[in-house]
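Working notes, beginning with the structure itself.
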Amino acid sequence: MTLLKWALIFLVVSIIAGLLGFTGISAASADIARFLFYVFVVIFLVLLILGLTIFRV
């Protein structure tokens, strides 16, 4: 959950920076948030598949 929390923090930073006119910081924060979210989704899917197949008791 920490990874998802950091993605949300960077998303909020990106939105605030965009509202204040800092487009470079906003774009960089949005890219970091997008990357962390995709990493979270991949890890979630891998663990979900493993939980449903290999580690089934």
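Values computed for the structure shown
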{"item": "Acute angle (nearest 10 degrees) that the helix 2-20 long axis makes with the longest principal axis of the chain, alpha-carbon atoms", "result": "20"}
{"item": "Relative contact order of the chain, defined on C-alpha pairs under 8 angstrom at six or more residues apart (%)", "result": "36"}
{"item": "C-alpha long axis of helix 23-52 to longest principal axis of the chain, angle in °", "result": "10"}
{"item": "For the chain, the fraction of alpha-carbon pairs in successive 10 Å shells from zero, as %", "result": "26, 35, 21, 12, 6, 0"}
{"item": "Mean accessible surface per residue for the chain, computed with a 1.4 Å probe while every protein chain stays in place, in Å²", "result": "80"}
{"item": "Surface share of carbon and sulfur [accessible, 1.4 angstrom probe, percent] for region 1-53", "result": "84"}
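The values are calculated or read from the model by the stated rules, or taken from the named source; none is laboratory data. Values in this document were obtained by computation on a predicted structure and should not be read as measured data. Surface accessibility is based on the protein's heavy atoms, side chains included, excluding ligands, DNA and RNA. Shrake-Rupley method; radii C 1.70, N 1.55, O 1.52, S 1.80 Å.
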